Amino acid sequence: MSSVFRGWKVGFTASLDFCSWKPERVVEALSKIGYGGVEWTLSHFNPETKSIEELETLVKTTRDHGLEISEIVVQQDLVEPDEKVRRERIDMVKRCIKAAGEAGVDTLNLFTGPSPSDPNSPKILRSIQEGEAWSMVLGAFDELVEEAERYGVYLAVEAVFGHLCHDYYTLKELLDNIDSEYLGVNMDPSHYALYRNDVSWVVKRLRDKIKHVHMKDVVGRPGIHGEDFIFPLLGEGIVDWKGFLEALRSIGYEGFLSVEFESFEYYAKILGKDPVKAAKISMEQLKQLVKLCED
């Protein structure tokens, strides 16, 4: 399989209906399809509901099936005016960092907030000023990076539509303010493409900061998800996949290409909410996209 992907490792995010599956069933399914890694979410890796022994068992189960854990998705909204709630979220991430380090997982996926999908989240420039939001995020990451350095865990921040960090330029503000080798990037080209960033250029600018890569496409313009833009199947959107993958190759990236399947209408209406079918169709799309680098 590695020859098909020219040395890249490929993974799949255990979201969708995988969230309710037992770990053994998830990794067995992904392994049979040909994936080399799984990206667990808090549905499976959560130190608030599971003991360190249970988390270590999850890691062992994954590896026993020949898969690696590419990262853990721990995304918590850090733009939160309620200090008590924000404190709880920061502490939650800290517990995840500690648990990951103790269980032998080296990368966590984070974002900044405020999440546009949460109606209770503040709206920048409406209910909260941008400077106040940045103060919250930078203060949180000062603490989180210190914890990450203590446990040797990389924080891979994802620029996400509608968030404080949503494209290259806003993400760069975070990276410029906190200098640590353990503060890195989860590179999801769909969000950069949505804001019309040159994804190939962004990859070359971020270079060694890229700790993990999401494979996800997008079509539309910034606005409301589902109305102004959607995340379609890989290859159906505006991401320049040939340029993106060639840029990753040029900087020597050898980490995971992990599918984050968010074509929700297709998943529900065509795939019948079957996550295995989503993983299978994504694998075929991945193979075709990587072939673009050879043309």
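The values are calculated or read from the model by the stated rules, or taken from the named source; none is laboratory data. Predicted model only: the values in this text are computed from it and were never measured. Ideal geometry is used to build each Cβ from the backbone, glycine not excepted, and the neighbour counts take in all protein chains shown. Ligands, DNA and RNA are stripped out before the accessible areas are found, and what is left, the full protein with its side chains, is counted by its heavy atoms. Shrake-Rupley method; radii C 1.70, N 1.55, O 1.52, S 1.80 Å.
Give me, ordered by chain and number, the residues 5 or more places off K9 or on other chains with an amide H under 5 Å from its own placed amide H. For K9, whose amide H was placed from the backbone, the distant partners under 5 Å are L257. The DSSP beta bridges internal to the chain are antiparallel in roughly 5% of cases.
What is the ratio of the Cα radius of gyration of segment 1-139 to 2.2 N^0.38 Å, with N the residue count, to two decimals?
Working: Rg = 17.4 Å, N = 139, 2.2 N^0.38 = 14.3 Å.
Against the compact-globule rule of thumb, the ratio is 1.21.
Translational diffusion coefficient of the chain (Stokes-Einstein, Kirkwood radius from Cα pairs, 10 °C, 1.306 mPa s): 82 µm²/s. Using the Karplus relation 6.51 cos²θ - 1.76 cosθ + 1.60 with θ = phi - 60°, the per-residue 3J(HN,Hα) values for segment 146-162 come to 4, 5, 4, 5, 5, 9, x, 10, 7, 9, 9, 7, 9, 6, 10, 3, x Hz, with x marking Gly and Pro.
Taking amide hydrogens as placed 1.01 Å from N in the peptide plane, the amide H of G237 sits under 5 Å from those of V218, each at least 5 positions away in sequence or on another chain. What a 1.4 Å probe finds exposed on the chain is 46% carbon and sulfur by accessible area, rounded to a whole percent.
To the nearest 20 debye, what charge dipole does the chain have about its Cα centre, counting +1 at the Cβ of each Lys and Arg and -1 at the Cβ of each Asp and Glu? Let's see the in-between values first.
On the way: 35 positive and 50 negative charges, 158 e Å.
Computed charge dipole of the chain: roughly 760 debye.
Spread over its residues, the convex hull of the C-alpha atoms of segment 115-218 is 109 Å³ per residue. In order along segment 218-225, the phi-based Karplus estimate (6.51 cos²θ - 1.76 cosθ + 1.60, θ = phi - 60°) of 3J(HN,Hα) comes to 8, 9, x, 10, x, x, 9, 4 Hz; Gly and Pro are listed as x. For segment 128-142, putting each phi into the Karplus relation 6.51 cos²θ - 1.76 cosθ + 1.60 with θ = phi - 60° gives couplings of 8, 7, 4, x, 5, 5, 5, 4, 5, 5, 5, x, 5, 6, 4 Hz, in residue order, rounded to whole numbers and with x for Gly and Pro. Under 5 Å from the amide H of V157 lie the amide H atoms of L110, G184, V185, N186, each residue being 5 or more positions distant or on a separate chain, with H modelled from the backbone and absent for Pro and chain starts.
Return one whole number: the accessible area per residue of the chain in Å², for a 1.4 Å probe. Could you put the intermediate results ahead of the total?
On the way: 12910 Å² over 295 residues.
With all protein chains present, the chain gives 44 Å² per residue.
Mind listing which GluC sites (Glu not before Pro) in segment 119-189 are in a DSSP loop and have 12 or fewer other Cβ atoms within 10 Å? Could the numbers behind the result be given before it?
On the way: sites: E130, E132, E143, E146, E147, E149, E158, E173, E181; in loops: E158, E181.
Sites meeting the loop and neighbour criteria: E181.
Rg/Rh for segment 98-169 (Cα atoms only, Rh after Kirkwood) is 1.04.
Can you show me the helix-derived [θ] at 222 nm for the chain, built from DSSP H runs with n ≥ 4 at -39,500 (n - 2.57) apiece and divided by the number of residues, rounded to the nearest 500. Don't jump to the answer; show the numbers that get you there.
Values: 10 runs with 124 residues, N = 295.
Computed ellipticity for the chain at 222 nm equals -13000 deg cm²/dmol.
Calculated on the alpha-carbon coordinates, the convex hull of segment 168-228 measures out at 89 cubic angstrom per residue.
Computed as a quarter of the hull surface, the mean projected area of the alpha carbon convex hull for segment 232-277 stands at 3.9 nm².
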